[in-house]
Amino acid sequence: ELKVEQNPLFLSMQEGKNYTIYCNYSTTSDRLYWYRQDPGKSLESLFVLLSNGAVKQEGRLMASLDTKARLSTLHITAAVHDLSATYFCAVDMGGSEKLVFGKGTKLTVNP
Amino acid sequence: DVKVTQSSRYLVKRTGEKVFLECVQDMDHENMFWYRQDPGLGLRLIYFSYDVKMKEKGDIPEGYSVSREKKERFSLILESASTNQTSMYLCASSYGWGSTGELFFGEGSRLTVL
């Protein structure tokens with residue numbers, strides 16, 4: 001059974017600081033996804049990582065994938081308040097196109 | 001833009017009622033999914049479908065059924081609603097075989113069962 005673990009689950013940080021969210025998964029997969037969810041809203045796709053060593057960047061967010069370590073990171077650079085949201089990683093279950101989600105990381109960026 | 005539309009944003013039902021949650025996508029996606037989202041538990045897969053009239057159980061199918069009579073529409077049915085089915089329900093779709101597997105989500109349906 002594929003398990004996906006995110007940490008931390010809660011993150012409070014100051015504007016201007018850097019931080020990293022980690023996503024570990026338990027079985028082989030080379031497809032990993034990051035989503036953002038604002039309060040009361042649905043999930044919005046941020047990044048699609050489809051191979052070992054994949055790196056994607058959008059604004060202050062950068063995601064990477066290490067399939068050998070079964071680890072993805074979401075790095076936040078110089079955080080701003082608008083980044084406050086819950087971030088989910090999700091892993092494809094062995095090419096089945098079913099995604100298993102982590103529990104999410106609730107990020108709060110304080111002025 | 002891909003659009004996944006869920007018919008009801010908020011519903012309040014009574015225990016024992018039959019509940020239909022409808023989902024329509026407009027991008028000719030092969031795959032459709034129903035997840036529920038609960039605080040502290042993340043998203044859990046209820047049912048999914050790779051094709052019309054095809055359905056497969058996810059991780060938590062008990063108490064639910066689905067219907068996919070047309071490619072664009074995937075319905076989630078609660079035969080007899082119970083209070084432990086109070087939750088946020090999220091429909092999603094994806095292109096299918098050979099694609100990136102990225103899911104596109106609807107806005108969600110928040111169901112309260114009294």
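The values are calculated or read from the model by the stated rules, or taken from the named source; none is laboratory data. The structure presented is a predicted model; accordingly, all values stated were derived computationally and were not measured. As a convention, Cβ positions derive from the backbone with ideal geometry for all residues, glycine included, and neighbour counts pool all protein chains shown. Side chains included, ligands, DNA and RNA excluded: accessible areas come from the protein's heavy atoms. Shrake-Rupley method; radii C 1.70, N 1.55, O 1.52, S 1.80 Å.
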(message) Considering only residues that are under 12 Å from the mean Cα position of the chain (by Cα) and β-branched (V, I, T), which ones fall in region A:6-38?
(response) A:T20, A:I21
(request) Taking only region B:46-67 into account, find how many residues are closer than 17 Å to B:Y89 by Cβ and either open to solvent by less than 10 Å² (accessible area, probe 1.4 Å) or β-branched (V, I, T) (or both). (result) 5
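For region A:52-73, indicate whether the set of residues that are within 20 Å of B:R44 (Cα to Cα), open to solvent by less than 50 Å² (accessible area, probe 1.4 Å), in contact with a Phe, Trp or Tyr (Cβ under 8 Å, 6 or more places away or on another chain) and not small (G, A, S) is non-empty.
Within region A:52-73, none of the residues are within 20 Å of B:R44 (Cα to Cα), open to solvent by less than 50 Å² (accessible area, probe 1.4 Å), in contact with a Phe, Trp or Tyr (Cβ under 8 Å, 6 or more places away or on another chain) and not small (G, A, S).
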(request) Sort out which residues of region B:5-30 are at pLDDT below 95 and open to solvent by less than 20 Å² (accessible area, probe 1.4 Å), and write them in order of number. (result) B:H29
(request) Kindly establish whether A:L2 is of a type in the set (A, V, I, L, M), in a loop (DSSP other than H, G, I, E, B) and touching a residue at least 60 places away in the same chain (Cβ under 8 Å). (result) yes
(message) I'm told B:T112 meets every condition in (1) in a strand (DSSP E or B); (2) within 14 Å of chain A (Cβ to nearest Cβ); (3) surrounded by fewer than 17 Cβ atoms within 10 Å (Cβ to Cβ) except one. Can you identify the failing condition by its number?
(response) (2)
(request) Working carefully through the options A:K41, A:K68, A:K3, find the one that is basic (K, R) and under 15 Å from the mean Cα position of the chain (by Cα). (result) A:K3
(request) Report whether or not A:S29 is within 14 Å of chain B (Cβ to nearest Cβ), among the small types (G, A, S), within 23 Å of B:S49 (Cβ to Cβ) and not in a loop (DSSP other than H, G, I, E, B). (result) no
